[in-house]
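Asker: Dropping the structure in here first, questions after.
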Amino acid sequence: MRYERQCGVLLPVSSLPSKYGIGCFDKSAYDFVDSLARAGQGVWQILPLGPTSYGDSPYQSFSTFAGNPYFISLDDLIQEGVLSRQECRSADFGKKADTVDYAKLYRNRYKLLRKAYERSDISRNPDFIRFQQEEGYWLKDYAVFMAVKDRFNGAPWTEWAEDIRLRWQNALDYYRRELYFDIEFQEYMQFKFYEQWKKLKAYANTRGIRIIGDIPIYVAMDSADTWASPWLFKLDSENNPTQVAGCPPDGFSATGQLWGNPLYNWEVHRQSGFSWWLKRIEHCFAMYDILRIDHFRGFDEYYAIPYGDLTAENGWWEKGPGMDLFRAVSCRLGEREIIAEDLGFVTDSVRRLVEESGYPNMKVIEFAFDERDTGNASDYLPHNYDANSVVYTGTHDNETLMGWLSQITPSEHDMVGRYLNRQGAPDKELCENLICLVMGSVSRLCVIPMQDYMGLGNEARINQPSTLGTNWKWRLKEGQFDAALEKRLYDLAVLYGRNNWEAEKLLREETGTETDAAWDE
């Protein structure tokens with residue numbers, strides 16, 4: 001991690017404002033980058049960008065390499081002449097500007113994208129042909145996977161006909177011929193996704209903003225990764241899982257968490273020199289500047305649950321690849337900026353792995369006052385931080401600060417007040433004080449969810465783990481990240497020595513004014 005102190009904002013791409021139902025790579029994304037630069041921020045942290053499956057979670061994707069077609073800017077396609085403005089405006093993506101309606105997106109977004117593909121004459125585009133060649137190592141399998149999935153009405157690949165489920169060559173040849181245009185449509189969407197994302201990222205970088213990307217440790221069972229490379233996972237001869245991922249019972253869940261992802265066959269990965277993982281991480285660094293790896297403790301030890309169990313109670317711990325994987329990453333890619341998500345119960349061996357890797361770990365201020373977490377809570381109190389860490393008020397899985405303050409126990413609330421020397425202060429003021437607390441900490445990087453800066457309650461929460469139906473939907477409305485909020489973030493960044501001077505210098509050169517004067521205007 002860069003040595004200088006910096007700060008940034010956590011906001012998923014899906015939560016950006018947009019007139020087309022979900023945040024995407026349109027003008028609002030560029031405006032958000034400009035706001036971050038004016039606000040003195042150095043990083044923009046997002047969630048995984050993969051195509052989402054049932055439940056709409058970016059942590060359960062159809063591919064670890066592919067991008068989410070929902071994020072393709074329709075305005076860009078209008079400018080290209082493959083869609084009309086009237087076609088896009090007449091599509092029903094939902095009526096609420098602050099909420100994503102995934103059902104309407106699914107029914108209507110792909111229809112527009114299919115029209116754009118059919119009008120594009122994409123097969124003659126030399127950039128598209130080059131993309132097919134350069135990304136073929138994952139794109140070919142992904143495009144076939146998605147086209148066949150549509151042919152089987154969205155059914156998981158484990159329920160497909162045996163010949164294509166087990167990837168018999170004659171079946172693969174048949175579907176590649178039969179679904180040629182459906183496959184090319186999938187490739188077209190990936191081409192447009194990456195074309196637009198790389199343009200947006202390059203713009204952010206020119207404004208002095210670096211992107212923190214996020215990858216789950218595991219892939220979904222119903223994914224092109226598992227279907228195309230079953231030997232990399234703990235599957236039986238029929239490609240059904242033998243063990244799945246999750247977390248054991250603890251003070252937060254009496255039966256643990258049953259995630260259901262297939263577990264890696266780490267011995268196979270080790271024998272290949274971790275080639276699949278190296279491709280995955282290399283691909284990520286082509287997309288992001290900094291990489292946050294979710295559930296880092298799973299590389300030290302991972303929790304295995306027998307496939308078919310309804311809870312996580314009967315699982316056991318097994319050893320992960322440890323430093324062997326990260327030495328291979330360093331050898332192949334050099335020193336890269338990686339954040340280790342080591343939240344939850346942290347053992348001494350996990351601490352040793354994080355320390356040996358040299359990666360900064362995560363601190364979450366909401367965890368510091370949890371009565372249930374008697375073993376680790378003190379690790380999250382700022383007086384125990386070291387500089388090689390990234391501090392958050394909360395993450396996408398947590399309540400907003402205001403929501404959290406309204407839900408914690410009276411004794412936890414009292415501890416917050418005593419730690420801040422603000423006993424009896426209203427929650428709105430405590431929220432401000434907690435933001436100042438983490439901004440003033442020794443951690444080199446401080447990342448705060450946009451909802452906390454805005455003082456929003458749990459109506460703006462991104463995700464509540466182990467629940468379905470209400471997650472990943474909150475959106476920022478147009479105009480909410482206004483000049484007053486930019487100025488407030490900027491003042492805090494300057495006050496606590498985290499201002500992005502590179503971005504400020506660029507702004508001054510462009511406007512010919514001091515940064516403060518730009519807000520006064």
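Asker: Provide a single number: the residues in region 166-197 that are without any contact (Cβ under 8 Å) to a residue 24 or more places away in the chain and not acidic (D, E).
Answerer: Result for region 166-197: 8.
Asker: Provide a single number: the residues in region 144-165 that are β-branched (V, I, T) and free of Cβ contacts under 8 Å to residues at least 24 places away in the same chain.
Answerer: Looking only at region 144-165, we keep the residues that are β-branched (V, I, T), and these are 144, 148, 158, 164.
Checking the rest, the ones that are also free of Cβ contacts under 8 Å to residues at least 24 places away in the same chain come to 164.
Matching residues across region 144-165 total 1.
Asker: Looking only at region 215-242, filter to residues that are over 21 Å from V148 (Cα atoms) and polar (S, T, N, Q); which one of those is surrounded by the fewest Cβ atoms within 10 Å (Cβ to Cβ)?
Answerer: S237
Asker: Also: Just checking, how many residues over region 206-240 are farther than 21 Å from A304 by Cβ, of a type in the set (D, E, K, R) and touching a strand residue (DSSP E or B) at 6+ places or on another chain (Cβ under 6 Å)?
Answerer: Residues flagged as farther than 21 Å from A304 by Cβ, of a type in the set (D, E, K, R) and touching a strand residue (DSSP E or B) at 6+ places or on another chain (Cβ under 6 Å) within region 206-240 amount to 2.
Asker: Looking at R151, R207, can you tell me which residue is over 24 Å from the mean Cα position of the chain (by Cα) and farther than 20 Å from Y302 by Cα?
Answerer: Working: R207 fails: over 24 Å from the mean Cα position of the chain (by Cα).
The conditions single out R151.
Asker: Which one of R327, R372, R351 is among the basic types (K, R), free of Cβ contacts under 8 Å to residues at least 24 places away in the same chain and either in a strand (DSSP E or B) or over 22 Å from R444 (Cα atoms) (or both)?
Answerer: Details: R372 fails: free of Cβ contacts under 8 Å to residues at least 24 places away in the same chain; R351 fails: either in a strand (DSSP E or B) or over 22 Å from R444 (Cα atoms) (or both).
Sole residue among the options that is among the basic types (K, R), free of Cβ contacts under 8 Å to residues at least 24 places away in the same chain and either in a strand (DSSP E or B) or over 22 Å from R444 (Cα atoms) (or both): R327.
Asker: Hey, another quick one. Could you give me the residue pairs with C-beta distances under 8 Å whose first residue belongs to region 453-472 and is closer than 17 Å to K428 by Cα, whose second residue is crowded, with 17+ Cβ neighbours inside 10 Å and of a type in the set (S, T, Y) wherever it lies, and which are 6+ apart or on separate chains?
Answerer: L456/T400; G457/T400; N458/T400; A460/T400; R461/T400
Asker: A further question follows. When you go through (1) more than 25 Å from the chain's Cα centre (by Cα); (2) over 22 Å from P249 (Cβ atoms); (3) among the small types (G, A, S) one by one for S349, which number turns out not to apply?
Answerer: Unmet for S349, out of (1) more than 25 Å from the chain's Cα centre (by Cα); (2) over 22 Å from P249 (Cβ atoms); (3) among the small types (G, A, S): (2).
Asker: Tell me, please, whether a residue that is part of a helix (DSSP H, G or I) and touching a His at 6+ places or on another chain (Cβ under 8 Å) can be found in region 198-217.
Answerer: No; the residues of region 198-217 include none that is part of a helix (DSSP H, G or I) and touching a His at 6+ places or on another chain (Cβ under 8 Å).
Asker: State the number of residues belonging to region 227-286 that are among the polar types (S, T, N, Q), in contact (Cβ under 8 Å) with a residue 12 or more places away in the chain and either part of a helix (DSSP H, G or I) or touching a Gly at 6+ places or on another chain (Cβ under 8 Å) (or both). Spell out how you get there, then give the answer.
Answerer: At the first step, the residues of region 227-286 found to be among the polar types (S, T, N, Q) are 229, 237, 239-240, 242-243, 253, 255, 257, 261, 265, 271-272, 275.
With in contact (Cβ under 8 Å) with a residue 12 or more places away in the chain added as a condition, the list becomes 229, 239-240, 242-243, 253, 255, 257, 261, 265.
Filter once more, keeping what is either part of a helix (DSSP H, G or I) or touching a Gly at 6+ places or on another chain (Cβ under 8 Å) (or both): 257.
Here the count works out to 1.
Asker: Pick out, from region 406-521, the helices (runs of 4 or more DSSP H) lying fully within it that include 3 or more residues that are touching a Phe, Trp or Tyr at 6+ places or on another chain (Cβ under 7 Å) and surrounded by fewer than 21 Cβ atoms within 10 Å (Cβ to Cβ).
Answerer: Details: elements: 410-420, 427-439, 450-453, 483-495, 501-511, 515-520.
Fully inside region 406-521 and qualifying: 483-495.
Asker: Still on this structure, please answer the following. Considering only region 372-425, state which residues are farther than 23 Å from R5 by Cβ and of a type in the set (D, E).
Answerer: Once the filter is applied, which keeps residues that are farther than 23 Å from R5 by Cβ and of a type in the set (D, E), region 372-425 yields D373, D397, E399, E412, D414.
Asker: Still on this structure: Filter region 199-238 down to the residues that are in contact with a helix residue (DSSP H, G or I) (Cβ under 8 Å, 6 or more places away or on another chain) and among the basic types (K, R) and list them by number.
Answerer: K201, R207, R210
Asker: Name the residues in region 154-167 that are surrounded by 15 or more Cβ atoms within 10 Å (Cβ to Cβ), charged (D, E, K, R) and in a helix (DSSP H, G or I), would you?
Answerer: Within region 154-167, R165 is the sole residue that qualifies.
Asker: With the requirement that a residue be within 18 Å of F185 (Cβ to Cβ), outside any helix (DSSP H, G or I) and either hydrophobic (A, V, I, L, M, F, W, C) or at pLDDT below 95 (or both), what does region 56-102 give you?
Answerer: F62, F65, A66, I72, V82, L83, A91
Residues checked against (1) closer than 25 Å to E282 by Cβ; (2) surrounded by 18 or more Cβ atoms within 10 Å (Cβ to Cβ); (3) touching a helix residue (DSSP H, G or I) at 6+ places or on another chain (Cβ under 8 Å):
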{"residue": "C24", "(1), (2), (3)": "no, yes, yes"}
{"residue": "V43", "(1), (2), (3)": "yes, yes, no"}
{"residue": "G50", "(1), (2), (3)": "yes, yes, no"}
{"residue": "G55", "(1), (2), (3)": "no, no, no"}
{"residue": "S63", "(1), (2), (3)": "yes, yes, yes"}
{"residue": "S84", "(1), (2), (3)": "no, no, yes"}
{"residue": "R89", "(1), (2), (3)": "no, no, no"}
{"residue": "Y102", "(1), (2), (3)": "no, yes, no"}
{"residue": "K111", "(1), (2), (3)": "no, no, no"}
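Asker: Within region 292-324, track down each residue that is surrounded by 15 or more Cβ atoms within 10 Å (Cβ to Cβ) and part of a strand (DSSP E or B).
Answerer: Scanning region 292-324 gives R292, I293, E301, Y302, Y303, A304, I305.
Asker: Taking D92, is it of a type outside the set (S, T, Y) and under 27 Å from I212 (Cβ atoms)? Steps first, please.
Answerer: Values: of a type outside the set (S, T, Y): yes; under 27 Å from I212 (Cβ atoms): no.
So D92 does not fit the description; no.
Asker: Right, here's the next one. So is N170 exposed (fewer than 15 other Cβ atoms within 10 Å of the Cβ), among the polar types (S, T, N, Q) and under 21 Å from the mean Cα position of the chain (by Cα) or not? Full working, then the answer.
Answerer: On the way: exposed (fewer than 15 other Cβ atoms within 10 Å of the Cβ): yes; among the polar types (S, T, N, Q): yes; under 21 Å from the mean Cα position of the chain (by Cα): no.
Taking the combined requirement at face value, the residue does not satisfy it.
Asker: Filter region 185-214 for residues that are under 19 Å from D127 (Cβ atoms) and polar (S, T, N, Q); which is surrounded by the most Cβ atoms within 10 Å (Cβ to Cβ)? If you could, list the steps in order and put the result at the bottom.
Answerer: Pass one, region 185-214, residues under 19 Å from D127 (Cβ atoms): 185-203.
From what's left, polar (S, T, N, Q): 186, 190, 196.
Details: Q186: 24, Q190: 26, Q196: 20.
Among those that are under 19 Å from D127 (Cβ atoms) and polar (S, T, N, Q), it is Q190.
Asker: Against the conditions (1) touching a Phe, Trp or Tyr at 6+ places or on another chain (Cβ under 8 Å); (2) over 30 Å from Q196 (Cα atoms); (3) buried (at least 17 other Cβ atoms within 10 Å of the Cβ), where does M287 fall short? Just the number, please.
Answerer: Unmet for M287, out of (1) touching a Phe, Trp or Tyr at 6+ places or on another chain (Cβ under 8 Å); (2) over 30 Å from Q196 (Cα atoms); (3) buried (at least 17 other Cβ atoms within 10 Å of the Cβ): (2).
The values are calculated or read from the model by the stated rules, or taken from the named source; none is laboratory data. Remember, predicted model here, so these are calculated numbers, not experimental data. We place every Cβ from the backbone using ideal geometry, glycine too, and count neighbours over all the protein chains shown.
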